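Trainee: Provided herewith is a single structure, encoded as structure tokens, for subsequent inquiry.
The values are calculated or read from the model by the stated rules, or taken from the named source; none is laboratory data. Keep in mind the model is a prediction, meaning the values are calculated, not measured. Note: ideal-geometry Cβ built from the backbone for every residue, glycine included; neighbour counts use all protein chains shown.
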Amino acid sequence: MAEPAAPARCLRGADPSDGPLDCHGHGSKVTGRCHDECEARHLDDLERTRFEESYGFRYPGKPSVVITASRDMSSTASTWAFNAVRLLFRQAREACDSYWMRQLSREKLEKRLETGAHVLVKTHEWTGEITPAMFDQAAELFTHVVVSVREGFEKDPAWMKVATHVIRFEELVSCDKQNPDDPSKIGALSVLRKLSDHLGLALTDQDLRVVDFELMTLPIPSSGCNQTTKHWPFHKRRGRFAATVSLYFWKAGRIADAVPCCFCYCFSGSALDGLRRRRCFGCEVEALGAILFSLEEALFLQSELKLLCVLEGSEALTNDRFFQKCCNLVCAFPRRFAAYRHYRLAGWVVRPDALKFGADLLLYHGRPDEVHAQYAVVLADESFQWKDAVMASRLAQLVAKELILAACEPMPTPSASLADLGSGSVLELVVRPWRQHLE
């Protein structure tokens with residue numbers, strides 16, 4: 001007897017965008033009407049882009065069946081684990097269908113495997129719901145069983161016997177109290193790294209920061225169940241927060257929008273305030289209800305300090321891609337960032353909004369709201385003439401600043417990369433007026 005044909009793993013094959021398992025809030029052909037424990041497919045907006053070839057989602061050669069399990073109401077962050085698996089697959093651009101099932105069965109799993117996508121299932125205790133024989137039949141299809149546990153809470157022995165990966169609540173919520181803003185000391189990132197490796201996903205540290213941000217900002221419904229995230233009103237966040245910020249660049253003396261969507265990856269309630277107040281990054285604009293970061297600040301925070309991650313839609317921009325976007329927005333950005341980076345690494349507080357002082361950058365030896373800028377920096381290029389220096393010097397005198405002429409060596413080209421700037425140097429010339437009567 002010939003084996004049945006495998007499901008077509010293409011965007012328009014056995015996985016239509018409106019298949020028999022899709023609910024859309026009003027029920028599906030397979031599971032019937034939608035209700036609090038709906039077992040149909042509920043994809044988020046980004047997951048649904050896999051039906052459009054341009055978004056680059058891939059179907060696996062051999063789909064996985066991932067079970068995330070824990071005792072019901074056990075406070076072990078099992079819903080976090082479910083969404084972590086879902087978003088890790090999404091970040092890796094691998095097609096994954098996620099479901100809730102109270103009663104597991106082989107028939108249900110086989111039906112959901114027909115799309116050719118990975119199958120993710122959130123569930124609780126199976127004992128008392130199905131027979132051991134039914135469980136054993138379904139378990140033959142499991143490729144990964146992720147179980148969440150917590151100290152002081154009874155583990156489910158039936159799931160622990162078949163667990164392939166265990167998430168410990170204490171590690172998930174841990175952090176280094178001495179370094180609360182250090183992303184490498186956040187327990188959730190190590191949990192996500194282990195989980196990603198267990199699922200066989202090749203994700204970067206930046207990918208994991210994006211997933212963690214998404215997990216911290218998933219909406220908590222005010223009533224009922226969010227069918228995609230499986231969140232209920234009683235669910236809580238992991239105890240940290242991520243703050244949305246805006247990026248800007250200066251154009252003709254005005255703030256112009258630069259990057260439409262980004263986020264600042266912060267790890268405690270004081271982290272964003274610490275960036276702004278203690279480390280003097282960004283400025284708060286009450287009228288906009290936002291923290292504004294310049295492009296130079298944003299790239300420095302992302303590439304050097306690893307405290308910012310810029311998104312385009314839901315995709316994290318690498319340092320090089322973000323740099324190229326900045327270059328497309330500001331033609332002189334390579335030399336602006338080279339100078340900004342040079343002075344920041346030298347210990348200066350650098351403000352890029354220096355146009356009203358006739359300069360490109362302002363250098364402070366302390367917090368800008370406590371001290372005046374000591375130097376006004378003008379970036380010189382091949383077209384810079386001595387008369388430009390004289391005019392800049394006269395204007396610097398009027399605002400009680402010393403003038404620095406700075407030039408990059410070698411001069412960055414429009415095609416320069418971020419690595420090229422790191423290997424170059426910044427030449428500086430301090431310009432002071434000659435006062436003969438003081439000699």
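Trainee: Return only the number of the condition from (1) without any contact (Cβ under 8 Å) to a residue 24 or more places away in the chain; (2) surrounded by fewer than 20 Cβ atoms within 10 Å (Cβ to Cβ) that residue 28 does not satisfy.
Mentor: Of the numbered conditions (1) without any contact (Cβ under 8 Å) to a residue 24 or more places away in the chain; (2) surrounded by fewer than 20 Cβ atoms within 10 Å (Cβ to Cβ), the odd one out for residue 28 is (2).
Trainee: Under 9 Å by Cβ, and 6 or more places apart or on different chains, what pairs join a residue from segment 406-421 that is at pLDDT 70 or above with one that is buried (at least 20 other Cβ atoms within 10 Å of the Cβ) and of a type in the set (Asp, Glu)?
Mentor: 406/360
Trainee: Also: Could you say which residue among 208, 201 is at pLDDT 50 or above, outside the structural domain of residue 302 (by TED's automatic domain parsing) and crowded, with 20+ Cβ neighbours inside 10 Å?
Mentor: Answer to the selection: 208.
Trainee: Another question, then. Pick from segment 304-324 the residues that are at pLDDT 80 or above and surrounded by fewer than 18 Cβ atoms within 10 Å (Cβ to Cβ): which of them is nearest to the chain's Cα centre (by Cα)?
Mentor: My answer is 318.
Trainee: Within segment 63-115, track down each residue that is over 26 Å from the mean Cα position of the chain (by Cα), touching a residue at least 12 places away in the same chain (Cβ under 8 Å), over 29 Å from residue 204 (Cβ atoms) and in a loop (DSSP other than H, G, I, E, B).
Mentor: Listed by number, the residues that qualify are 71, 72, 74, 101, 102, 103, 104, 105.
Trainee: Can you tell me which residue within segment 344-372, out of those that are in contact with a His (Cβ under 9 Å, 6 or more places away or on another chain) and in a loop (DSSP other than H, G, I, E, B), is surrounded by the most Cβ atoms within 10 Å (Cβ to Cβ)?
Mentor: Ranking the candidates gives 348 first.
Trainee: Right, here's the next one. So residue 277 fits all but one of (1) modelled with pLDDT under 85; (2) in contact with a Cys (Cβ under 9 Å, 6 or more places away or on another chain); what number is the exception?
Mentor: (2)
Residue-wise test of (1) touching a strand residue (DSSP E or B) at 6+ places or on another chain (Cβ under 7 Å); (2) surrounded by 16 or more Cβ atoms within 10 Å (Cβ to Cβ); (3) among the polar types (S, T, N, Q).
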| site | (1), (2), (3) |
| --- | --- |
| 100 | yes, yes, no |
| 103 | yes, no, yes |
| 122 | yes, yes, no |
| 160 | yes, no, no |
